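Novice: Structure below; questions to follow.
The values are calculated or read from the model by the stated rules, or taken from the named source; none is laboratory data. Owing to the predicted nature of the structure, the values given are computational and were not obtained by experimental measurement. For neighbour counting, all protein chains shown are included, and Cβ atoms are generated from backbone atoms with ideal geometry for every residue, glycine included. Note: areas computed on protein heavy atoms with side chains; ligands, DNA, RNA excluded. Shrake-Rupley method; radii C 1.70, N 1.55, O 1.52, S 1.80 Å.
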There are 2 protein chains.
Amino acid sequence: MLPEIWNSPYSNDCFPVYAEDIDAGGEASPSTAMLSEAAGLLKVTIVGGSIPERSGDRLYNTCCVFDSDGKLKAKHRKIHLFDIDIPGKITFIESKTLTAGETPTIVDTEVGRIGIGICYDIRFQELAIIYAARGAHLICYPGAFNMTTGPLHWELLQRARAADNQLYVATCSPARDVAAGYVAWGHSTLVGPFGEVLATTEHEEDIIIAEIDYSLLEVRRTNLPLTKQRRGDLYQLVDVQRLKSDS
Amino acid sequence: MLPEIWNSPYSNDCFPVYAEDIDAGGEASPSTAMLSEAAGLLKVTIVGGSIPERSGDRLYNTCCVFDSDGKLKAKHRKIHLFDIDIPGKITFIESKTLTAGETPTIVDTEVGRIGIGICYDIRFQELAIIYAARGAHLICYPGAFNMTTGPLHWELLQRARAADNQLYVATCSPARDVAAGYVAWGHSTLVGPFGEVLATTEHEEDIIIAEIDYSLLEVRRTNLPLTKQRRGDLYQLVDVQRLKSDS
């Protein structure tokens, strides 16, 4: 797994400059061509963080997932754009340059059924509920929280999504570069289905290697059978696209 | 605010013994009569924790909210019963004796619009979403997490509900009695709309007095306009009772 926007500085000025045409592929997208090659050579599944994607006259913040044969299995375009304004702390309006994706992304890989979210997507609990309902074992959130929202919410949100939905959550952030225009919080983390931090790192360059034991999902869901205990007579989360595809 | 089941030991054996007929009132419910009197005398709003309630041949885990004139404003019967089984750690089956409530409870008081949940209700993120959508400023969860789920989830869930829904969350737990059959974690807490712990305590008997500034709700919702940024085209939480009452 790689972090959010790993091929470019994180700024609205840079997104158009570093954007690649993923669908055209080859020389039009050297970043994804490299990931595809690496996945195939090393025979590993790669959740390829995200890069700015150019598609026609639009730009997206896009995560590509490659199977262990190097094939592009899924492409997630960030659904919730990062438009926030905490005066004196952090203001960023991603929608100045980017277009929001139109669909949740869940993908069956050799290492489980994975839901994908990018950074700000993690703030929307409904997306994680949808992924859990669609059978996700793991949600991967490449993300680049900052020095304000990082200490406030980065770990909190990961642990909450994992505990509430009883699944694994993995995040990958860029390392911190204090000279950058956007300073990332770092702290890539793996969280288990009880909301427990299984592996994490500080803000410097690092690699996390950790085992994920999916049998724990069943254990935790037996310990606390939240899904069965939900009160469908009082509330129901509608997965709009799934509803449409069923009807 | 008082804790969960404050008039009785927390056990299925005790619930029937200590249960009171709240609707009959007076001598049939000395606990709520006392709370009503205290609210009126002191001219304060009281979120009265919970007591076992007898209603006909049923028992509920019930929270009463009293206005500053001593009037009973609302009664919340725990919606999600505490049926969990973590072998070797904690097993409790509340549904052996109790019946689940049939409705979310939100109440306008002199100190704001308050949603009520009791203990295990906090695990269901949908309930908090419903309360936020109905305009809650504060969600109060009297609760008695235990020595297993307490350290794992008590603070995490409070902070997540507050940050995700951008409102205040207050919890009140019994102090810890290590000689009791059910040992409570303690740690009553007030959390602000950024998920920040504003006031908390340890596991011993204590009182928290803290100010709540509702103007912060608007500040945080302007900083991060999550409600506007939700993707209603992809997911929608249906508040079933509200939907029925509207139609």
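Novice: So which residues in the range B:88-99 are within 11 Å of chain A (Cβ to nearest Cβ) and polar (S, T, N, Q), if there are any at all?
Specialist: Residues satisfying the conditions are B:T91, B:S95.
Novice: Can you tell me which residues in the range B:191-247 are facing chain A (nearest Cβ under 10 Å), open to solvent by less than 40 Å² (accessible area, probe 1.4 Å) and of a type in the set (S, T, Y)?
Specialist: Hit for the range B:191-247 is B:Y235, nothing else.
Novice: Still on this structure, I have one more. Quick check on the range B:88-103: of everything there that is assigned to a strand (DSSP E or B) and over 18 Å from B:L59 (Cβ atoms), which residue is most open to solvent (accessible area, probe 1.4 Å)? Even if it seems obvious, please write down each step before you answer.
Specialist: The first filter runs over the range B:88-103 and keeps only residues assigned to a strand (DSSP E or B), leaving B:90-93.
Applying the additional criterion that residues be over 18 Å from B:L59 (Cβ atoms) yields B:90-91.
Working: B:I90: 22, B:T91: 80 Å².
Within the range B:88-103, the match that is most open to solvent (accessible area, probe 1.4 Å) is B:T91.
Novice: Name the single residue, out of those in the range B:179-210 being touching a Cys at 6+ places or on another chain (Cβ under 9 Å) and hydroxyl-bearing (S, T, Y), that is nearest to B:Y10 (Cα to Cα).
Specialist: B:S188
Novice: Another question, then. Which of the helices (runs of 4 or more DSSP H) found entirely inside the range A:193-247 contain at least 1 residues meeting this: within 27 Å of B:A133 (Cα to Cα)?
Specialist: Answer list for the range A:193-247: A:226-229, A:240-246.
Novice: What are the residue pairs meeting all of these: first residue in the range B:204-217, first residue farther than 21 Å from B:I46 by Cα, second residue in a loop (DSSP other than H, G, I, E, B) and not small (G, A, S), Cβ atoms under 6 Å, and 6 or more apart or on different chains?
Specialist: Going by the 6 Å Cβ cut-off, the qualifying pairs are B:L216/B:P193; B:L217/B:P193.
Novice: Kindly indicate which of A:Y131, A:Y141 is buried (at least 21 other Cβ atoms within 10 Å of the Cβ), within 28 Å of A:E218 (Cβ to Cβ) and within 14 Å of chain B (Cβ to nearest Cβ).
Specialist: Among A:Y131, A:Y141, only A:Y131 is buried (at least 21 other Cβ atoms within 10 Å of the Cβ), within 28 Å of A:E218 (Cβ to Cβ) and within 14 Å of chain B (Cβ to nearest Cβ).
Novice: Restricting to the range A:67-87, name every residue that is open to solvent by 60 Å² or more (accessible area, probe 1.4 Å), in a loop (DSSP other than H, G, I, E, B) and within 11 Å of chain B (Cβ to nearest Cβ).
Specialist: A:P87, the sole residue that qualifies.
Novice: So A:A24 passes all but one of these: (1) in contact (Cβ under 8 Å) with a residue 12 or more places away in the chain; (2) assigned to a loop (DSSP other than H, G, I, E, B). Which condition number does it fail?
Specialist: Status for A:A24: all satisfied but (1).
Novice: Conditions first: (1) hydrophobic (A, V, I, L, M, F, W, C); (2) open to solvent by less than 10 Å² (accessible area, probe 1.4 Å); (3) not in a helix (DSSP H, G or I). A:I106 passes all but one, so which condition is the exception?
Specialist: If we test A:I106 against (1) hydrophobic (A, V, I, L, M, F, W, C); (2) open to solvent by less than 10 Å² (accessible area, probe 1.4 Å); (3) not in a helix (DSSP H, G or I), just (2) comes out false.
Novice: Restricting to the range A:142-159, name every residue that is of a type in the set (A, V, I, L, M, F, W, C) and part of a helix (DSSP H, G or I).
Specialist: Once the filter is applied, which keeps residues that are of a type in the set (A, V, I, L, M, F, W, C) and part of a helix (DSSP H, G or I), the range A:142-159 yields A:L152, A:W154, A:L156, A:L157.
Novice: On to the next question. When you go through B:G143, B:G192, B:G135, B:G232 one by one, which is the residue that is modelled with pLDDT of 95 or more, small (G, A, S) and at positive phi?
Specialist: Within the list B:G143, B:G192, B:G135, B:G232, the selection yields B:G135.
Novice: Oh, and also: Only residues that are of a type in the set (S, T, N, Q) and at the interface with chain B (Cβ under 9 Å from one of its Cβ atoms): list them for the range A:100-125, please.
Specialist: A:T103, A:Q125
Novice: Show the residue pairs meeting these rules: Cβ distance below 7 Å; 6+ apart or different chains; first residue within the range B:118-140 and assigned to a loop (DSSP other than H, G, I, E, B); second residue open to solvent by less than 10 Å² (accessible area, probe 1.4 Å) and among the charged types (D, E, K, R).
Specialist: Pairs found: B:I118/B:E4; B:I118/B:K78.
Novice: Anything in the range B:35-63 that is without any contact (Cβ under 8 Å) to a residue 40 or more places away in the chain and either touching an Asp or Glu at 6+ places or on another chain (Cβ under 6 Å) or within 26 Å of B:A100 (Cβ to Cβ) (or both)? List them, or say none.
Specialist: Within the range B:35-63, B:L35, B:S36, B:G40, B:E53, B:R54, B:S55, B:G56, B:D57 qualify.
Novice: Checking the conditions here, which among A:T62, A:T91, A:T99, A:T45 is under 12 Å from the mean Cα position of the chain (by Cα) and of a type in the set (S, T, Y)?
Specialist: A:T62
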